[in-house]
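Visitor: The structure that follows is given in the form of structure tokens.
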Amino acid sequence: QVQLVESGGGLVQAGGSLRLSCAASGSIFGVGTMAWYRQTPGKPRDWVAAITSGGVTTYADSAKGRFTISRDNAKKTVYLQMNSLKPEDTADYYCKMFISNGRGWIEVWGQGTLVTVSS
């Protein structure tokens, strides 16, 4: 009923930039905290950044100073601007949102988008 569609992943050289987008659609009556995670093969999913409904942002140490999370409530979209990318940033990136669908609050994940940073 609610889906998150991600875009913006791709191949980039070290030092370059990418902007990820994640848009929610479906039966949505409200959107709470939005967040980004990333995962590499054989590793657990790591939290990267979050932004509350009030616009308060937090970042993992690995993202501080390089990544910026933002949101557009009218578009029900969360963004992750990634600058000064490093090979260790290579991962599948997943967005997550807490959404009210009219029946309650649910946690919804995107399908992931691959970011590959070459050295």
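The values are calculated or read from the model by the stated rules, or taken from the named source; none is laboratory data. Being a predicted model, the structure only gives us computed values, none of them experimental. Cβ placement follows ideal geometry from the backbone for every residue including glycine, while neighbour counts extend to all protein chains displayed. Only protein heavy atoms, including side chains, enter the accessible area calculation; ligands, DNA and RNA are left aside. Shrake-Rupley method; radii C 1.70, N 1.55, O 1.52, S 1.80 Å.
Visitor: Does Arg19 fit the bill of being closer than 15 Å to Thr113 by Cβ, in contact with an Asp or Glu (Cβ under 6 Å, 6 or more places away or on another chain), surrounded by 12 or more Cβ atoms within 10 Å (Cβ to Cβ) and not aromatic (Phe, Trp, Tyr)?
Guide: Values: closer than 15 Å to Thr113 by Cβ: yes; in contact with an Asp or Glu (Cβ under 6 Å, 6 or more places away or on another chain): no; surrounded by 12 or more Cβ atoms within 10 Å (Cβ to Cβ): yes; not aromatic (Phe, Trp, Tyr): yes.
No; evaluated as a whole, the condition is false for this residue.
Visitor: State whether the residues of the range 52-59 include one that is of a type in the set (Gly, Ala, Ser), out of contact with any Leu (no Cβ under 7 Å at 6 or more places or on another chain), within 16 Å of Val108 (Cα to Cα) and part of a strand (DSSP E or B). Break it down into steps so the answer makes sense when it comes.
Guide: First, the residues of the range 52-59 that are of a type in the set (Gly, Ala, Ser): 53-55.
Among the residues that remain, those that are also out of contact with any Leu (no Cβ under 7 Å at 6 or more places or on another chain) are: 53-55.
With within 16 Å of Val108 (Cα to Cα) added as a condition, the list becomes 53.
With part of a strand (DSSP E or B) added as a condition, the list becomes none.
Looking for residues that are of a type in the set (Gly, Ala, Ser), out of contact with any Leu (no Cβ under 7 Å at 6 or more places or on another chain), within 16 Å of Val108 (Cα to Cα) and part of a strand (DSSP E or B), one finds none in the range 52-59, hence no.
Matching residues to (1) out of contact with any Cys (no Cβ under 8 Å at 6 or more places or on another chain); (2) crowded, with 20+ Cβ neighbours inside 10 Å:
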site	(1), (2)
Arg38	yes, yes
Asp46	yes, no
Lys75	yes, no
Met82	yes, yes
Met97	no, yes
Gly102	yes, no
Ser119	yes, no
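Visitor: Which ones in the range 1-51 are aliphatic (A, V, I, L, M) and outside any strand (DSSP E or B)?
Guide: To start, the set of residues in the range 1-51 that are aliphatic (A, V, I, L, M) comprises 2, 4-5, 11-12, 14, 18, 20, 23-24, 28, 31, 34-35, 48-51.
Passing the criteria: Ala14, Ile28.
Visitor: Quickly run through the range 107-117 and pick out the residues that are under 16 Å from Ala24 (Cα atoms) and open to solvent by less than 60 Å² (accessible area, probe 1.4 Å). Break it down stepwise before answering.
Guide: Going through the range 107-117, the residues under 16 Å from Ala24 (Cα atoms) turn out to be 107-113.
Within the range 107-117, Val108, Gly110, Gly112, Thr113 qualify.
Visitor: Need the failing condition index for Ala63 against (1) more than 26 Å from Ser118 (Cα to Cα); (2) not in a strand (DSSP E or B), just the number.
Guide: Result: Ala63 fails condition (1) only.
Visitor: Looking only at the range 48-66, which residues are surrounded by 15 or more Cβ atoms within 10 Å (Cβ to Cβ) and acidic (Asp, Glu)?
Guide: Passing the criteria: none in range.
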